[in-house]
Amino acid sequence: MTATATPMKRPAKPAIKLTKLLINNEWVDPADGKSFETYNPATGEVIAKVAEAGAKDVDRAVKAARKALETGPWSRIDAADRGKLMFKLADLIEKNKEELAALESLNCGKTITDARGDLDGVLNTLRYYAGWADKIEGKTVPVRGSFLSYTLRQPVGVVGQIIPWNFPLLMLAWKWGPALAAGCTIVMKPAEQTPLSALRVGELAIEAGFPPGVINLINGFGETTGDAIVVHPDIDKVAFTGHVDTAKIIQKRAADTLKRMTFELGGKSPNVIFADADMEQAVNGAFHAIYFHCGQCCTAGSRLFVEEKIHKEFVDRLAAKAKGRKLGDPLDPSTEQGPQVSNEQMDKILKYCDIGQKEGAKLLLGGKRHGSNGYFVEPTVFDNVKDEMTIAKDEIFGPVVSVLPFKSMEEVIDRANRTNYGLAAAIFTKNIDKAHTYAKAVKAGTVWVNCYHIVDTTTPFGGFKMSGQGRENGEDALEHYTETKTVTIKLG
Ligand code: ADP
């Protein structure tokens, strides 16, 4: 999630060649011939019509994935060779990085700089897990009696992976990486807002040499295509990233088949600024925390707690910086903020801006749509927000920060934890005591000290409370893609 050092160059406009379903290494039409339109959020224009999978297509993809898992070449491949295929895929993605970044920027609206940064994350993730493929080991166990016991760690099976629109390719890599390293086969549904980039990576996966059925890509909507994945009896695990309300539906819908589930959901992350912090670093940190990718990050630092002593100066500096932000065409390398992903998301954010004002928060900056073309929202700062206000409780998923003044460590820990979420948290301070006290007490899966949005493929990532179940990234993610089998042999 960090910007790349690629030169500031406008990328060539990407050609859209792939719009079908990818099942069993073939590009196929949906059984009922349906399709849906996908948009450029910077203009609102239709980019392409994309094949929409129904339940029959999901079933076809699951059958291909099952066959690949049980009897195809993938079922017999050496673990090291799985790793080699993953390295090959990473090399091909690297070769086509500019095209993929441009496609991501066009369909998702993220700035080309951020899209290039995402691609770096994709490469790191695939290569990290490629290295894991032949290192997933069992144990020998000192069992009682005249027996030998050992454990095997085997792939959990066919996995359904449902991903969101904010980091389409990075989320794909976070899900494919551990699944492929563990030897699983995949049926993935990208988000309906951003169906395009995954298809191009699917094409590269075929070129890399992944056998038929290992990777299947089916686009479509959540309540239909996504639901067909969730209820399918021959899918062993669902990995989901998205909204907490969707996760509740999915958990209920998956109950009958008792699938393994992992969830990476939203947040209302507290970012705490103490008066002893380096002011410049803290302002930049708070700015990046909320405005990176237009606030469309599950880890966005949307509750900004500022110690009373520096509150006024801090907020003025933050608002001044936000005012200078350059909004515009995301493919222009000088653009700092692109559009929100869709009309629907833009309207939702603007509604929260109205609610914030009605409930009495002080609107210091923004709160409005930017321009009349595309789905842009002005960087927004609400000051003197109270914990019980809607904008301090709901995940807005936009460039809207709520500033909440505080007086003491005890108070701020209590208030930071008063939420159903627990994805990320941050603190800016020069005092090591304060940093560690907060890091231990705050209920969040990730805590940053004097930095924000540092997410690396090597470190576990996930949520406390209603921000998720399980962990992605690092060795931890592999736990969720393997089953442990105990083998016991009678000796003598
Ligand atoms: P957002 O509100 O940010 O779009 P969602 O949770 O709705 O987040 O979407 C994340 C992913 O979940 C998308 O791929 C979407 O299609 C999918 N999805 C939405 N609803 C369902 C559902 N009922 N069952 C399965 N997948 C769903």
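The values are calculated or read from the model by the stated rules, or taken from the named source; none is laboratory data. These numbers come from a predicted model, not from an experiment. Cβ sites come from the backbone with ideal geometry, for glycine too, and all protein chains shown count toward neighbours. Just so you know, the surface numbers come from the protein's heavy atoms only, side chains and all, with ligands and any DNA or RNA stripped out. Shrake-Rupley method; radii C 1.70, N 1.55, O 1.52, S 1.80 Å.
Checking each residue in segment 462-477 for being out of contact with any helix residue (DSSP H, G or I) (no Cβ under 7 Å at 6 or more places or on another chain), in contact (Cβ under 8 Å) with a residue 60 or more places away in the chain and farther than 14 Å from TYR421 by Cα picks out GLY470, GLU475.
Only a single criterion out of (1) open to solvent by 10 Å² or more (accessible area, probe 1.4 Å); (2) not in a loop (DSSP other than H, G, I, E, B) is not satisfied by TYR291, namely (1). Of the residues in segment 180-196, at least one is within 16 Å of the ligand (Cβ to nearest atom) and open to solvent by 10 Å² or more (accessible area, probe 1.4 Å). All of TYR438, TYR481 fail the test of being of a type in the set (Phe, Trp, Tyr) and closer than 24 Å to VAL156 by Cα, apart from TYR481.
Looking for whichever is in contact with an Asp or Glu (Cβ under 8 Å, 6 or more places away or on another chain) and over 18 Å from ARG260 (Cβ atoms) here; the options are LYS490, LYS443, LYS465, LYS430. Which one fits?
Exactly one residue qualifies, and that residue is LYS430.
Filter segment 125-178 down to residues that are aromatic (Phe, Trp, Tyr) and under 26 Å from HIS293 (Cβ atoms), then give me how many there are. Talk me through it step by step, then tell me what you get.
Step one: filter segment 125-178 for residues aromatic (Phe, Trp, Tyr), giving 128-129, 132, 147, 150, 165, 167, 174, 176.
From the residues that got through so far, the ones that are under 26 Å from HIS293 (Cβ atoms) too are 128-129, 165, 167, 174, 176.
Residues meeting the conditions: 6.
When GLY371 is evaluated against the numbered criteria (1) over 21 Å from PRO164 (Cβ atoms); (2) in contact with a helix residue (DSSP H, G or I) (Cβ under 7 Å, 6 or more places away or on another chain), which criterion, by number, is the only one it fails? (2) is the only condition that GLY371 fails.
Inside segment 285-337, residues that are within 30 Å of SER467 (Cα to Cα) and among the β-branched types (Val, Ile, Thr) make up a count of 4. Return the residues of segment 18-32 that are more than 11 Å from LEU199 (Cα to Cα), among the charged types (D, E, K, R) and either buried (at least 16 other Cβ atoms within 10 Å of the Cβ) or in contact (Cβ under 8 Å) with a residue 40 or more places away in the chain (or both); say none if nothing qualifies. Within segment 18-32, just GLU26 meets the criteria. Scanning for something more than 14 Å from the ligand (Cβ to nearest atom), within 18 Å of the chain's Cα centre (by Cα) and farther than 19 Å from CYS297 by Cβ, does segment 199-214 turn up at least one residue? Yes, because at least one residue in segment 199-214 is more than 14 Å from the ligand (Cβ to nearest atom), within 18 Å of the chain's Cα centre (by Cα) and farther than 19 Å from CYS297 by Cβ. Pull up segment 219-254, narrow it to residues that are in contact with a Phe, Trp or Tyr (Cβ under 8 Å, 6 or more places away or on another chain) and near the ligand (Cβ under 6 Å from one of its atoms), then point me to the one that is nearest to ASP59 (Cα to Cα). Only one residue tops the list, namely PHE221.
The listed residues are GLY367, GLY338, and the only one of them that is surrounded by 23 or more Cβ atoms within 10 Å (Cβ to Cβ), at pLDDT 95 or above, of a type outside the set (A, V, I, L, M, F, W, C) and in contact with a Leu (Cβ under 9 Å, 6 or more places away or on another chain) turns out to be GLY338.
On the given criteria, is ARG144 surrounded by fewer than 22 Cβ atoms within 10 Å (Cβ to Cβ), away from the ligand (no atom under 16 Å from the Cβ), farther than 20 Å from ARG82 by Cβ and at pLDDT 95 or above?
On the way: surrounded by fewer than 22 Cβ atoms within 10 Å (Cβ to Cβ): yes; away from the ligand (no atom under 16 Å from the Cβ): yes; farther than 20 Å from ARG82 by Cβ: yes; at pLDDT 95 or above: yes.
In short, yes.
Please enumerate the residues belonging to segment 349-379 that are without any contact (Cβ under 8 Å) to a residue 40 or more places away in the chain, touching a strand residue (DSSP E or B) at 6+ places or on another chain (Cβ under 7 Å) and within 18 Å of GLN296 (Cβ to Cβ). Across segment 349-379, the qualifying residues are LEU350, GLY367, ARG369.
Can you list the helices (runs of 4 or more DSSP H) lying wholly within segment 374-492 that have 1 or more residues being β-branched (Val, Ile, Thr)?
Details: elements: 390-393, 409-417, 432-441, 476-479.
Where helices (runs of 4 or more DSSP H) fall fully within segment 374-492 and carry at least 1 residues being β-branched (Val, Ile, Thr), they are 390-393, 409-417, 432-441.
Per this entry, VAL158 is counted among residues that are farther than 25 Å from THR299 by Cα and either aliphatic (A, V, I, L, M) or within 16 Å of the ligand (Cβ to nearest atom) (or both). ALA64 passes every criterion in (1) open to solvent by 60 Å² or more (accessible area, probe 1.4 Å); (2) in contact (Cβ under 8 Å) with a residue 12 or more places away in the chain apart from (1). Against the conditions (1) of a type in the set (A, V, I, L, M); (2) under 25 Å from GLY470 (Cβ atoms); (3) in contact (Cβ under 8 Å) with a residue 60 or more places away in the chain, ALA255 satisfies every one except (3). In summary, ILE163 fulfils each of the numbered conditions (1) among the hydrophobic types (A, V, I, L, M, F, W, C); (2) within 16 Å of the ligand (Cβ to nearest atom); (3) out of contact with any Leu (no Cβ under 8 Å at 6 or more places or on another chain) with the single exception of condition (3).
No other residue among LYS312, LYS348, LYS326 is open to solvent by 50 Å² or more (accessible area, probe 1.4 Å) and closer than 16 Å to GLY371 by Cα apart from LYS326. Any residue in segment 257-270 that is open to solvent by 60 Å² or more (accessible area, probe 1.4 Å), within 16 Å of the ligand (Cβ to nearest atom) and acidic (Asp, Glu)? For segment 257-270, residues open to solvent by 60 Å² or more (accessible area, probe 1.4 Å), within 16 Å of the ligand (Cβ to nearest atom) and acidic (Asp, Glu): absent. Residues in segment 285-304 include none that are more than 20 Å from GLU395 (Cβ to Cβ), touching a Gly at 6+ places or on another chain (Cβ under 8 Å), of a type in the set (Val, Ile, Thr) and within 16 Å of the ligand (Cβ to nearest atom).
Looking at this structure, is VAL385 in contact with a Gly (Cβ under 9 Å, 6 or more places away or on another chain), open to solvent by less than 10 Å² (accessible area, probe 1.4 Å), farther than 16 Å from LEU327 by Cα and of a type in the set (Val, Ile, Thr)? Spelling it out, VAL385 is indeed in contact with a Gly (Cβ under 9 Å, 6 or more places away or on another chain), open to solvent by less than 10 Å² (accessible area, probe 1.4 Å), farther than 16 Å from LEU327 by Cα and of a type in the set (Val, Ile, Thr).
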